[in-house]
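First the structure, in the form of structure tokens, and then the observations on it.
A short reminder: the numbers here are calculations on the coordinates, not readings from a lab. This is a predicted model, so every value here is computed, not measured. Because the Cβ atoms are built from the backbone with ideal geometry, glycine has one as well, and the counts that use them run over all protein chains shown.
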Amino acid sequence: MGLRRESRELALQMLYALDANPTVGLRETLQTFREEQTETVARVRVFAEGLVQGVQEQRDVIDAAIKARSKNWALARMPLVDLNVMRLATYELMFRSDIPKKVSINEAIEIARKYGDKESPAFVNGILDEIEACPKTEESSEEQ
């Protein structure tokens, strides 16, 4: 597994932990993962933490983008794994112009396949394809 895939999977775990324990803040969650991931390569942890911090900073924008494209699905009804995989990829699509959009989508699909249920890859792919096609995605990544 590549370092960035490992980072994305670690970031997914962090975001899931934040959603599962809303009273625990970002700082405490990151610290807990640092203490538990002592074997993790520093570059993996740094990239993962950057993704998590970016998602948390832009969460309202990211959630609005996902919600606008998920017909008949409220965010609260989505499985947390699928939602957080989409949050990570949407952050990359909208705010990280240094990461190719197709890479972000393909990575999200593979992570959804690994951690979600059998419908997760198609669900994630459908929403992310719509987000990628949105002109606002182009504008957001150019602003960075």
Review point. Under the definition of Cα pairs under 8 Å and six or more residues apart, what whole-number percent is the relative contact order of the chain?
Key: 24
Point to revise | Exposed-loop-free span, longest in the chain, where GluC sites (Glu not before Pro) count as exposed if DSSP calls them loop and at most 11 other C-beta atoms lie within 10 Å | key: 40-118
Review point. Which of (1) 52, 32, 29; (2) 39, 32, 28; (3) 48, 25, 24 is the computed Cα extents along the principal axes in Å for the structure on display?
Key: (2)
Study note, to complete from the structure: PRE zone check, label point 7 Å out along Cα-to-Cβ of ALA20, amide N under 20 Å, scope region 77-114, hits 77-89, 111-114
Check your understanding: Taking trypsin sites (Lys or Arg not before Pro) that fall in a DSSP loop and have at most 10 other Cβ atoms within 10 Å as cut points, what is the longest piece of the chain between them?
Key -> 1-70
**Study point:** Simple Cβ-charge dipole of the chain, Lys/Arg +1 and Asp/Glu -1, about Cα centre, in debye nearest 20
**Key:** 240
